[in-house]
Amino acid sequence: MWQLDSGTIVTLITIMFSVGGIVLGSIVPALMEGKAVQKALEGMTRQPDAANDLRTTLLISMALLESTAIYSLLVVLILIFGNPLISQFFG
């Protein structure tokens, strides 16, 4: 078995969680944005009179969904570049 020091193990675990976090943090909001657009377009085709209200609500919800992806990117960047455990092991 490999004999890795604790600093290398912490770095590897941080990188693995960062990769998983950015994958989930970008796939899930993208799927939900697609679902929101689909439902809004269905509503607009059923009731064309309410298209303006649906469009406004859709744009607000898309901004909120996209902010979730941005927050996950922020957490991943903090894990990679601002991890206090890495500075503890590597000086």
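Throughout, read-outs are computed from the coordinates displayed, never taken from laboratory work. Note that the structure is predicted; figures quoted are calculated from it, not measured. Cβ sites come from the backbone with ideal geometry, for glycine too, and all protein chains shown count toward neighbours.
Across q = 0.18, 0.27 Å⁻¹, region 9-91 modelled as identical point scatterers on its alpha-carbon atoms has Debye log10 I(q)/I(0) values of -0.76, -1.16, in the order of the q list.
Using C-alpha pairs below 8 Å separated by at least 6 residues, the relative contact order for the chain is 50 percent. Selection among Ile70, Thr56, Ile22 by position relative to the dipole of region 7-91 gives Ile22 as farthest towards the positive end (Cβ unit charges, Cα centre).
Rounded to the nearest 10 degrees, the angle from helix 51-81 to the longest Cα principal axis of the chain is 0 degrees. The dipole here belongs to region 1-89: it is taken about the Cα centre, uses +1 on the Cβ of Lys and Arg and -1 on the Cβ of Asp and Glu, and is about 100 debye.
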